[in-house]
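See structure below.
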Amino acid sequence: MKSLYKDKNLHIVFSVTLMAIMGVSSIIPALPLMIKELGISATSIGLIFTIFTLPGIIFAPLAGIFADRLGRKKILVPSLILFALAGTACFFAPDYQWLLILRFIQGVGAAAIGVINLTIIGDLFAGKERIKAMGLNAGVLSMGTAIFPAIGGVLAQISWEAPFLLSLVALPLAWLVAFRLENPEPKSNGDFMKYMRTAFAGMKNKEVLSLFAISLLTFIILYGPIVTYLPILLNSRFAASPLIIGLVISSASFITAIAASQMGRLAHIMSQPMMIAISAVAYAVSMIMMPAAQSALWCILPVCIFGLGQGLNLPNSMSMLTAIAPMEQRAIFMSVNGMLLRVGQTIAPILMGLIYSGFELESVFYAAAGVAAVMFFVTVKFLKGFDAETVRQRL
């Protein structure tokens, strides 16, 4: 494990991971201020996230294909630069329409970032080391989701635009990726059509499809009730400030980081599908508890239960998928998974917004508990007895 902690390549990948979640988590505490200052409704605020994640549906698969064909760095470096410049430009957006345009452009850069970082981990490590590395990566991601809302909450006290300036950090990171990251690159994939046929034939495998479904469902839960509507619940019911909202939401991440960092040990006790099934139960319990909270501080308990679910789910589902995919096709596997993440991120605020407008705010959380139940069923039904080597032989 020490070698992983000291691995400079992994440090750079972890930094890329932080960029992958900065574009959302840093601005969550500013949502109530945006509603007020921009004169928009609570049901339409989700567009701030939807327009950011929408490009990933189109560009994530393309990024994966090019990363397999041209190399990881040649796609990741320009993506980081675009993310930084467009994100910083959001600070200067004169109105809501311009903000949405710039968020879309920033989302184009973000589309590749969250795909290629996991692909590179899959390239660098194998077996138990890969599971540990994915766990550490999820821990870093979780610390980012804890730190960025807190930082965003402090910056939002200055103005709702200020959190967007954090995107500038991606510029020096692009330099590190270009000149300091030492990662293996895939060999030539030969004929393009053969590459595409082989890749998509492998994706029809039931285990692969199940992991794709789990990713989609996970991000519907995350970006519907947690990212979009928990801040509204905290503000409307308890008059919570942006700083309090950021602290409540970030509390989940500490539990996620602890659970994810123990993946190496947990893997000797439980199977990966079992940990994902437990995570689905944690999601459902947290969603049911959240509307019953009697104060902003009481929301911390269900939020932490949600964080436990994330810590058990994300490292396992991602490491299982990278273990299945051959290196020459790994980026496209992860990019299709990334596309489905973006689909979840994109449709969750819309779906939950429809539920919110048609029913009560509490209904958003109960609907998410139903989504968690579907995730539990998929895991138990299709991933029982999972073995990566056996699955890979069937691709």
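The values are calculated or read from the model by the stated rules, or taken from the named source; none is laboratory data. Please read these numbers as outputs of a predicted model, since none were measured by experiment. With ideal geometry, Cβ positions are generated from the backbone for all residues, glycine too; neighbour counts draw on all protein chains shown.
Checking the conditions here, which among K74, K36 is of a type in the set (K, R) and either within 27 Å of L124 (Cα to Cα) or not in a helix (DSSP H, G or I) (or both)?
Step by step, each of K74, K36 is checked, and only K74 is of a type in the set (K, R) and either within 27 Å of L124 (Cα to Cα) or not in a helix (DSSP H, G or I) (or both).
As an exercise: evaluate L211 against (1) in a loop (DSSP other than H, G, I, E, B); (2) farther than 28 Å from A86 by Cα and give the number of the one condition it does not meet.
With (1) in a loop (DSSP other than H, G, I, E, B); (2) farther than 28 Å from A86 by Cα applied to L211, the lone miss is (1).
Regarding the stretch 53-68, can at least one residue be identified that is in contact (Cβ under 8 Å) with a residue 24 or more places away in the chain and outside any helix (DSSP H, G or I)?
Looking through the stretch 53-68, none of the residues is in contact (Cβ under 8 Å) with a residue 24 or more places away in the chain and outside any helix (DSSP H, G or I).
Would you mind stating whether P186 is touching a helix residue (DSSP H, G or I) at 6+ places or on another chain (Cβ under 7 Å) and in a helix (DSSP H, G or I)?
Considered against the rule, which asks whether it is touching a helix residue (DSSP H, G or I) at 6+ places or on another chain (Cβ under 7 Å) and in a helix (DSSP H, G or I), P186 comes out as no.
Assuming P291 fulfils every condition listed in (1) closer than 27 Å to P61 by Cα; (2) touching an Asp or Glu at 6+ places or on another chain (Cβ under 8 Å); (3) at pLDDT 90 or above apart from one, which condition is it?
All conditions are met except number (1).
Filter the stretch 246-261 for residues that are modelled with pLDDT under 85, of a type outside the set (G, A, S) and crowded, with 24+ Cβ neighbours inside 10 Å and give the result.
Result: I249, single match.
Residues to consider are S319, S286, S335; find the one that is surrounded by 23 or more Cβ atoms within 10 Å (Cβ to Cβ), without any contact (Cβ under 8 Å) to a residue 24 or more places away in the chain and either closer than 21 Å to L209 by Cα or out of contact with any strand residue (DSSP E or B) (no Cβ under 8 Å at 6 or more places or on another chain) (or both).
Working: S319 fails: without any contact (Cβ under 8 Å) to a residue 24 or more places away in the chain; S335 fails: without any contact (Cβ under 8 Å) to a residue 24 or more places away in the chain.
Exactly one of S319, S286, S335 is surrounded by 23 or more Cβ atoms within 10 Å (Cβ to Cβ), without any contact (Cβ under 8 Å) to a residue 24 or more places away in the chain and either closer than 21 Å to L209 by Cα or out of contact with any strand residue (DSSP E or B) (no Cβ under 8 Å at 6 or more places or on another chain) (or both), namely S286.
Considering every residue within the stretch 29-39, establish whether at least one is of a type outside the set (A, V, I, L, M), modelled with pLDDT of 95 or more and more than 20 Å from Q345 (Cβ to Cβ).
The answer is no, given that none of the residues of the stretch 29-39 is of a type outside the set (A, V, I, L, M), modelled with pLDDT of 95 or more and more than 20 Å from Q345 (Cβ to Cβ).
Can A174 be described as more than 23 Å from V13 (Cβ to Cβ) and small (G, A, S)?
Values: more than 23 Å from V13 (Cβ to Cβ): no; small (G, A, S): yes.
In short, no.
Kindly indicate the residue of the stretch 29-74 that is surrounded by 18 or more Cβ atoms within 10 Å (Cβ to Cβ), under 18 Å from the mean Cα position of the chain (by Cα) and of a type in the set (V, I, T) and also farthest from S251 (Cα to Cα) among those meeting that condition.
Only one residue tops the list, namely I57.
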